[in-house]
Amino acid sequence: MKNVYVREGGYWFSKMSKGKRTWVNLQTRDLSEAVKRATEIRSHPLVKPTHDLMDDARRFLEYKVRMNRHTSVSSKGKLLVLQRFCNWLPESATLANITSKQASEFYAHLQRSITKREKTVLSESTILSYMMTLRAFFRWAVEVERVRVDNPVKAVKFAVCDKRARLNWCSQTLKTKLIAKAPNVGLRFILFCGFDAGLRRGEIVEARRDWFDLKAGLLHVRKAEGPPRLRDGELPFRSKDRDERTIPLTKPFQKFLGKFLRGRDTLDFALEPTVKHGDWRYRYDFRRPFTEYMTARKCEWITPHVMRHSFASILASAGVSIFKIAQWLGDDVRVVQRHYAKLASGDEDIHALTSSG
């Protein structure tokens with residue numbers, strides 16, 4: 001193909017722009033692939049790349065929020081991943097010149113790295129989620145921004161993740177004791193939300209007074225109104241699955257809320273209503289009091305997600321239908337069935353193995 005040349009061990013595309021010749025690295029050593037990429041560039045010229053990677057990262061996340069593919073909360077977490085990647089790269093790196101070799105080296109770096117806060121090796125599943133964020137970032141660079149001809153993360157070979165069984169969950173007796181012994185009403189609210197309603201951590205923090213219909217005995221997980229924004233001001237809330245859902249309130253939770261929510265305005269946050277959104281992913285971070293309490297009760301293994309898992313496990317063990325549990329969790333029925341169907345009681349099919357007939 002005209003204007004495709006071998007240069008520095010790979011194929012390059014040469015083009016004239018305003019009387020000046022420029023070279024575009026096709027980032028491949030395969031001639032057929034080079035011709036394909038050069039044809040794409042000729043049909044859809046690449047725009048001039050920016051040189052501030054973090055600015056590119058923010059524009060990528062703002063695009064995802066605008067297209068309703070990310071929530072504002074999840075975008076904050078992904079921004080930290082992209083920031084870690086940008087800090088690892090050399091200062092000369094731009095969105096257009098990052099190579100598949102660098103992507104592979106970053107993956108290897110994550111596999112060796114230790115987080116400063118937790119002093120533990122990152123799990124392979126966490127590392128994979130980091131790399132999927134990077135893959136989406138470069139896909140945007142190719143398809144939307146037109147500053148690349150390839151996605152360098154696609155060439156990275158990932159290790160196979162072992163699926164961990166969800167075995168740890170609180171019994172009905174233990175969760176009742178933990179709620180009863182909570183040292184303050186704020187922590188008791190958190191425990192009720194997790195153990196008796198299966199709310200996610202972000203949902204507990206974002207719950208407002210109008211979520212709770214005490215007369216009907218219902219909890220409505222609602223999305224907040226307003227345009228999604230990544231930065232500045234209060235962030236409209238949307239649940240992970242984008243759907244609003246309704247969960248019946250248990251009688252103990254309903255009784256507790258009668259006092260806990262007294263005097264609150266409709267749009268007040270239920271938990272720490274005076275705390276506003278800041279730079280952190282969550283409006284209010286309850287990890288410290290939660291962890292200290294669980295440590296004091298010798299239940300260090302219990303996390304906010306274990307509370308949600310316990311909510312579903314207790315229900316499944318009691319024979320509640322998987323469909324209902326999925327509706328209350330806001331998860332896909334197939335996901336809930338895979339994790340919790342094994343706990344369902346009263347299954348007579350096993351007796352076919354010992355049937356005399």
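Looking only at residues of segment 175-187 that are touching a Lys or Arg at 6+ places or on another chain (Cβ under 9 Å) and surrounded by 15 or more Cβ atoms within 10 Å (Cβ to Cβ), we find that the one that is nearest to E272 (Cα to Cα) is A182.
Let's see how each residue does on (1) charged (D, E, K, R); (2) surrounded by fewer than 19 Cβ atoms within 10 Å (Cβ to Cβ); (3) free of Cβ contacts under 8 Å to residues at least 40 places away in the same chain:
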residue	(1), (2), (3)
S32	no, yes, yes
T39	no, yes, yes
S72	no, no, no
G77	no, yes, no
A96	no, no, no
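Do the conditions hold for A182, that is, is it in a loop (DSSP other than H, G, I, E, B) and modelled with pLDDT of 95 or more? It is true that A182 is in a loop (DSSP other than H, G, I, E, B) and modelled with pLDDT of 95 or more. Filter segment 115-143 down to the residues that are in contact with a helix residue (DSSP H, G or I) (Cβ under 9 Å, 6 or more places away or on another chain) and modelled with pLDDT under 85 and list them by number. V121, L122, E124, listed by residue number. If you go through segment 288-312 and pick out every residue that is farther than 15 Å from C193 by Cα and either in contact with a helix residue (DSSP H, G or I) (Cβ under 9 Å, 6 or more places away or on another chain) or in contact (Cβ under 8 Å) with a residue 60 or more places away in the chain (or both), you end up with 7.
When segment 34-76 is filtered for residues that are modelled with pLDDT under 80 and in contact with a Lys or Arg (Cβ under 7 Å, 6 or more places away or on another chain), the ones remaining, listed by number, are H44, L46, V47, H70, T71, S72, V73.
The residues listed here are R164, R146; of these, the one that is modelled with pLDDT under 90, in a loop (DSSP other than H, G, I, E, B), of a type in the set (K, R) and under 19 Å from the mean Cα position of the chain (by Cα) is R164. Does segment 277-288 contain any residue that is at pLDDT 90 or above and more than 20 Å from the chain's Cα centre (by Cα)? So far as segment 277-288 goes, yes, one or more of its residues are at pLDDT 90 or above and more than 20 Å from the chain's Cα centre (by Cα).
The values are calculated or read from the model by the stated rules, or taken from the named source; none is laboratory data. A quick note: this is a predicted structure, and the numbers were derived from the prediction, not measured. Cβ sites come from the backbone with ideal geometry, for glycine too, and all protein chains shown count toward neighbours.
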